[in-house]
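Novice: Here's a structure for you.
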Amino acid sequence: MQSLSVPAELASLRIIGELVTEAARTAGLDEGAIYRLNLAVEEIAGNIITHGYAEQGVKGDIRVSAELDEDRLVVELLDQGIAFDPTDRPLPSTEDLSRPVEQRAVGGLGILLAVRALDGFRYERTDGSNRNILEMRRR
């Protein structure tokens with residue numbers, strides 16, 4: 001298992017991406033899967049940084065881990081920001097997405113892109129921590 005803890009700052013997205021890319025290559029994921037996984041991790045981590053910490057006026061860290069098993073790569077983002085379950089709100093529908101941008105509700109598009117990019121996603125709130133768990137199958 002690979003893991004690291006980084007400050008919850010936008011500059012840390014590069015470091016997080018490097019860990020995810022290295023783990024994905026070790027897992028034998030193709031370039032398309034690596035891209036999709038990085039897109040999803042960056043979206044979730046960016047939301048943690050922006051909404052979980054910065055907008056609240058607090059500083060903190062994000063712990064990133066990558067674990068490989070026989071069938072899949074699991075990336076976990078752990079933070080102590082405000083509770084936020086990205087799956088708690090309805091994702092934009094096909095109808096929403098067909099509307100001009102100025103007629104759409106704000107929010108949710110990044111989460112939609114993240115969830116669709118992955119083979120599995122779940123959120124847990126445990127002991128004051130947010131756990132975002134992202135999965136990609138090894139093919």
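Novice: Looking only at the stretch 1-43, filter to residues that are among the charged types (D, E, K, R) and surrounded by fewer than 14 Cβ atoms within 10 Å (Cβ to Cβ); which one of those is nearest to Ala54 (Cα to Cα)? Don't jump to the end; show me each part of the working.
Specialist: Initially, the stretch 1-43 is screened for residues among the charged types (D, E, K, R), giving 9, 14, 18, 22, 25, 30-31, 36, 42-43.
Restricting the remaining residues to those that are surrounded by fewer than 14 Cβ atoms within 10 Å (Cβ to Cβ) gives 14, 18, 22, 25, 30-31.
Values: Arg14: 18, Glu18: 23, Glu22: 28, Arg25: 32, Asp30: 34, Glu31: 32 Å.
If we take residues in the stretch 1-43 being among the charged types (D, E, K, R) and surrounded by fewer than 14 Cβ atoms within 10 Å (Cβ to Cβ), then Arg14 is nearest to Ala54 (Cα to Cα).
Novice: Only one of Val58, Val41, Val20 is out of contact with any Pro (no Cβ under 6 Å at 6 or more places or on another chain) and either among the aromatic types (Phe, Trp, Tyr) or in contact (Cβ under 8 Å) with a residue 60 or more places away in the chain (or both); which?
Specialist: Values: Val58 fails: either among the aromatic types (Phe, Trp, Tyr) or in contact (Cβ under 8 Å) with a residue 60 or more places away in the chain (or both); Val20 fails: either among the aromatic types (Phe, Trp, Tyr) or in contact (Cβ under 8 Å) with a residue 60 or more places away in the chain (or both).
Unique residue meeting the criteria: Val41.
Novice: So which of Ile15, Ile49 is over 18 Å from Ala114 (Cβ atoms) and either in contact (Cβ under 8 Å) with a residue 40 or more places away in the chain or in a helix (DSSP H, G or I) (or both)? Walk me through it before giving the result.
Specialist: On the way: Ile49 fails: over 18 Å from Ala114 (Cβ atoms).
None of the other options fit; the residue is Ile15.
Novice: Could you say whether any residue in the stretch 61-77 is at pLDDT 90 or above, in contact with a Pro (Cβ under 9 Å, 6 or more places away or on another chain) and within 17 Å of Asn130 (Cβ to Cβ)? Break it down into steps so the answer makes sense when it comes.
Specialist: Quick first cut of the stretch 61-77, residues at pLDDT 90 or above only: 61-77.
Narrowing further to those that are in contact with a Pro (Cβ under 9 Å, 6 or more places away or on another chain): 61-62.
With within 17 Å of Asn130 (Cβ to Cβ) added as a condition, the list becomes 61-62.
Looking for residues that are at pLDDT 90 or above, in contact with a Pro (Cβ under 9 Å, 6 or more places away or on another chain) and within 17 Å of Asn130 (Cβ to Cβ), one finds at least one in the stretch 61-77, hence yes.
The values are calculated or read from the model by the stated rules, or taken from the named source; none is laboratory data. None of these values were measured; they are calculated from a predicted model. Heads up, the Cβs are rebuilt from the backbone with ideal geometry, glycines too, and the neighbour counts pull from every protein chain shown.
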